[in-house]
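The block underneath contains the structure these notes are about, expressed in structure tokens.
The values are calculated or read from the model by the stated rules, or taken from the named source; none is laboratory data. Computed from a predicted structure; not experimentally measured. Every residue, glycine as well, gets a Cβ built from its backbone with ideal geometry; the counts of neighbours run over all protein chains shown.
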Amino acid sequence: MRRMSFLVLSVALMSSLVALADDATAPPPPAEGGSVFRQPGGLLDRSPQRRSQELSFFLGLPYDYFYYGFGVGVGARYYIPILHDGFIPAVNDEFGIEFGADFTAAFGGYFLPVIDIPVEVMWNFHFTPKFSAYAKVGIALELSIYSNAYLTYSAGTHVGVIPVSGVGLHYKLSDSVNLRVEVGYPWVKVGLGFNL
């Protein structure tokens, strides 16, 4: 149920952005004091764009594993832009693929270490030269090894494929470093991205 609600929310967000793009008119040339959305790098900038690849590192809370105890996680992602100018000509968007690895561990009545290897597609909207928001969806290969702290004979291994999704924000701290905040399934995370 939680996954379905998140996917519905993601689709609603993307639909709203598409509607905004349909209502947009051709932006005037950037002017001093004009709307930040119409400036170069803003949402309504229709000029051709060239996007960077990005390597990101995250710390997070894998809330999906709270049943097993308090969880913490670290992760890494590598992003490759596929469509530098996205799908919607009226807005400054991009589309790409992101892959990487996450390690999470939950501590409590159980000890549950989990390694996920996700592959996700990401649709990013650049609202201002420094700020963008994205939605992504994908799948991850999940490997978990669990043991019950109270019943030492209760242990096992699980290998499977799970859906992953998220919505997030990029904030440009410098020309090459971005702050990233992401809420999704199965994590909430914060990290730094480095343009390559």
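Quick look at the numbers
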quantity	calculated
Subset of segment 155-182 (residues that are among the charged types (D, E, K, R) and either in contact with a His (Cβ under 7 Å, 6 or more places away or on another chain) or without any contact (Cβ under 8 Å) to a residue 40 or more places away in the chain (or both))	Asp175, Arg180
Search result, residues across segment 163-180 that are more than 20 Å from Gly41 (Cα to Cα) and surrounded by fewer than 16 Cβ atoms within 10 Å (Cβ to Cβ)	Pro163
Evaluation of Gly73 against (1) crowded, with 19+ Cβ neighbours inside 10 Å; (2) modelled with pLDDT under 75; (3) closer than 16 Å to Gly184 by Cα (one fails), failing number	(2)
Criterion: without any contact (Cβ under 8 Å) to a residue 40 or more places away in the chain and crowded, with 19+ Cβ neighbours inside 10 Å - qualifying residue of Pro81, Pro113	Pro81
Residue that is modelled with the highest pLDDT, among those in segment 85-100 that are over 13 Å from the mean Cα position of the chain (by Cα) and surrounded by 15 or more Cβ atoms within 10 Å (Cβ to Cβ)	Glu94
Listing of strands (runs of 3 or more DSSP E) fully contained in segment 136-196 that carry 3 or more residues being under 17 Å from Phe111 (Cβ atoms) and modelled with pLDDT under 95	155-172
